[in-house]
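Remarks on the structure that follows.
The values are calculated or read from the model by the stated rules, or taken from the named source; none is laboratory data. Note that this is a predicted model, so its numbers are computed, not measured. Glycine also receives a Cβ, built like all others from the backbone with ideal geometry; neighbour counts cover every protein chain displayed. Ligands, DNA and RNA are excluded from the accessible area calculation, which covers all protein heavy atoms including side chains. Shrake-Rupley method; radii C 1.70, N 1.55, O 1.52, S 1.80 Å.
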Amino acid sequence: MKLQQKIALETAASRTGQVVRVLVEQPNIGRTEHDAPDVDCRVVLTEPSEVGQFISARVIGSQVYDLVARPED
């Protein structure tokens, strides 16, 4: 698990600065258009967004497996 956490952290860190398309599942939680529930990482949003909508968000960091992103206007 430690090795997998290291790999996941490096992968997430490599996405910092990218703008991703996110499907909002909860006000501050979503998934990129390429991620599946219960399998892939989540996107933790810095500001709440409307549930059920696709938004653009800029990745600003990570929390091991999950991306942290700021919604873009």
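Every residue, every condition in (1) open to solvent by less than 60 Å² (accessible area, probe 1.4 Å); (2) at negative phi; (3) not aliphatic (A, V, I, L, M); (4) not in a strand (DSSP E or B), yes or no:
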position	(1), (2), (3), (4)
Ala8	yes, yes, no, yes
Ala12	yes, yes, no, yes
Arg21	no, yes, yes, no
Val24	yes, yes, no, no
Val51	no, yes, no, yes
Arg70	no, yes, yes, no
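Considering only residues that are open to solvent by 90 Å² or more (accessible area, probe 1.4 Å) and either in contact with an Asp or Glu (Cβ under 6 Å, 6 or more places away or on another chain) or of a type in the set (Val, Ile, Thr) (or both), which ones fall in the stretch 39-49?
Selection gives Val39 alone.
Evaluate the following for Val59: is it out of contact with any Asp or Glu (no Cβ under 7 Å at 6 or more places or on another chain), surrounded by 14 or more Cβ atoms within 10 Å (Cβ to Cβ), modelled with pLDDT of 95 or more and over 19 Å from Gln4 (Cβ atoms)?
Yes: the conditions hold for Val59.
Across the stretch 29-38, what is the number of residues that are open to solvent by 40 Å² or more (accessible area, probe 1.4 Å) and within 19 Å of Glu10 (Cβ to Cβ)?
The qualifying residues number 1.
Pull up the stretch 34-61, narrow it to residues that are over 10 Å from the mean Cα position of the chain (by Cα) and among the aliphatic types (A, V, I, L, M), then point me to the one that is nearest to Pro71 (Cα to Cα).
Across the stretch 34-61, the extreme among qualifying residues is Ile55.
Give the number of residues within the stretch 14-33 that are under 14 Å from Asp66 (Cβ atoms) and small (Gly, Ala, Ser).
Qualifying residue count for the region: 1.
Given the conditions (1) small (Gly, Ala, Ser); (2) under 25 Å from Gln4 (Cα atoms); (3) at pLDDT 90 or above, report the number of the one that Ala36 does not fulfil.
All conditions pass for Ala36, except number (3).
Scan the stretch 1-15 residue by residue and report those that are among the polar types (S, T, N, Q) and either farther than 17 Å from Val59 by Cα or within 10 Å of the chain's Cα centre (by Cα) (or both).
If the condition is that a residue be among the polar types (S, T, N, Q) and either farther than 17 Å from Val59 by Cα or within 10 Å of the chain's Cα centre (by Cα) (or both), then Gln4, Gln5 are the ones that fit.
Scan the stretch 31-42 and give yes if some residue there is part of a strand (DSSP E or B) and either free of Cβ contacts under 8 Å to residues at least 24 places away in the same chain or polar (S, T, N, Q) (or both), otherwise no.
yes
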